Amino acid sequence: MLIMALSVIGVTPAAMAAGLAKPSVLITGANRGIGFELARQYAERGWGVLATCRTPEAAEELQALAAGHANVVIERLDVTDRATIDAVAEKYRSTPIDILINNAGILGDNDRQKLGAFDFAVFDEVMDVNTKGPIRMVEAFVDHVAASDQKKIMSISSAVGSIQMTFGGQVFYRASKAALNMSMRTLAKELRRSDAPGRKALIFGLIDPGIVDTGFAKNVPIPMIQADESAAAVIAVIDTYDRKSSATFLRYTGQTMPW
Ligand SMILES: NC(=O)c1ccc[n+]([C@@H]2O[C@H](COP(=O)([O-])OP(=O)(O)OC[C@H]3O[C@@H](n4cnc5c(N)ncnc54)[C@H](OP(=O)(O)O)[C@@H]3O)[C@@H](O)[C@H]2O)c1
């Protein structure tokens, strides 16, 4: 009734203030894999969960989670599409978000990121999701996070983005995660000098979630951990981040990763 009445006077549902339980977390790529597990575990903790994904109508597990948890809301958001990002940012304009988790990521076709077969369309796609996506998210949500109590911007990076630890293969994916690390660390330093309310106190984190059995990486010749184990460990690491450790690169075990 209320929505209909407001529509009549020109206020669309998207423009109405939307709320979340406190504390709150926004997760990209929350429909499956590590992102879904992060959403599920924060939901179990009683947090307000803004679970975003590209195709909510196909996100059956996430829909079931939201059906059983009043503290979970699902929103359509593609990290490569600024319009969908802005629509969510606008809808939640007056809602503080304690933690933004940049989780959405793609590996890109392995065979098309090898010497002799480089396909730069794949490089563009990987950079668009893994590097530009989190940068877009920070730009759109910086003040939602700055207005919150915890003020954390966390990005799921990868050990393969470590320049020091690299060994070969996945040239595009590795480059995208190294660029993610650099861009978030740079933004962390830059925002320390900002005079806008709350921005100075923002805490950034870059977390390697481990090698996780989500179907993301195929034919990995080393043992993988399960998504629930990874997400629980990532949440524990997020809990430890503070002003002092801001903009460091940590493993899901809490160890410092070499850049
Ligand atoms: N699994 C591992 O071993 C591993 C290791 C190191 C780092 N990571 C990182 O961990 C993160 C999650 O990986 P995962 O293993 O959970 O992978 P996954 O199961 O393949 O899930 C990837 C998620 O990203 C979403 N996504 C892809 N493109 C998107 C876009 N343009 N906009 C919004 N969402 C998008 C996917 O949504 P759709 O369902 O719509 O495609 C999906 O929800 C990634 O950043 C990955 O790089 C994973």
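Across segment 48-76, what is the total count of residues that are in contact with a Pro (Cβ under 6 Å, 6 or more places away or on another chain) and among the hydrophobic types (A, V, I, L, M, F, W, C)? Within segment 48-76, residues that are in contact with a Pro (Cβ under 6 Å, 6 or more places away or on another chain) and among the hydrophobic types (A, V, I, L, M, F, W, C) number 1. Do you know which residues across segment 192-239 are among the hydrophobic types (A, V, I, L, M, F, W, C) and either open to solvent by less than 20 Å² (accessible area, probe 1.4 Å) or in contact with a His (Cβ under 8 Å, 6 or more places away or on another chain) (or both)? Once the filter is applied, which keeps residues that are among the hydrophobic types (A, V, I, L, M, F, W, C) and either open to solvent by less than 20 Å² (accessible area, probe 1.4 Å) or in contact with a His (Cβ under 8 Å, 6 or more places away or on another chain) (or both), segment 192-239 yields Leu202, Ile203, Phe204, Leu206, Ile207, Val212, Ala227, Ala231, Val234, Ile235, Val237, Ile238. Across segment 74-111, the qualifying residues are those that are surrounded by fewer than 18 Cβ atoms within 10 Å (Cβ to Cβ) and of a type in the set (Gly, Ala, Ser), and the one among them that is modelled with the lowest pLDDT is Ser94. Looking only at segment 8-40, residues that are within 15 Å of Ile74 (Cα to Cα), modelled with pLDDT of 90 or more and either surrounded by fewer than 17 Cβ atoms within 10 Å (Cβ to Cβ) or within 16 Å of the ligand (Cβ to nearest atom) (or both) come to 15 in all.
The set of residues in segment 149-191 that are crowded, with 22+ Cβ neighbours inside 10 Å, at negative phi and outside any helix (DSSP H, G or I) comprises Lys152, Ile153, Met154, Ser155, Ile156, Ser157, Ser158. In segment 192-209, of all residues being within 12 Å of the chain's Cα centre (by Cα) and among the aliphatic types (A, V, I, L, M), the one that is nearest to the ligand (Cβ to nearest atom) corresponds to Ile207. In segment 125-140 there is at least one residue matching the filter, namely being touching a residue at least 40 places away in the same chain (Cβ under 8 Å), more than 28 Å from Gln170 (Cβ to Cβ) and open to solvent by 10 Å² or more (accessible area, probe 1.4 Å). Residue check: Ser230 meets all listed conditions (1) under 16 Å from the mean Cα position of the chain (by Cα); (2) under 17 Å from Asp149 (Cα atoms) but one, namely (2).
Conditions tested, residue by residue: (1) within 19 Å of Ala231 (Cα to Cα); (2) touching a Lys or Arg at 6+ places or on another chain (Cβ under 7 Å).
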site: Lys151; (1), (2): no, no
site: Met154; (1), (2): yes, no
site: Arg174; (1), (2): no, no
site: Lys177; (1), (2): yes, no
site: Ala188; (1), (2): no, no
site: Ser194; (1), (2): no, yes
site: Gly198; (1), (2): no, yes
site: Gly210; (1), (2): yes, no
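The values are calculated or read from the model by the stated rules, or taken from the named source; none is laboratory data. Being a predicted model, the structure only gives us computed values, none of them experimental. Quick reminder, even Gly has a Cβ in these numbers, built from the backbone with ideal geometry, and neighbours come from all protein chains shown. All accessible areas refer to the heavy atoms of the entire protein, side chains included, with ligands and DNA or RNA removed. Shrake-Rupley method; radii C 1.70, N 1.55, O 1.52, S 1.80 Å.
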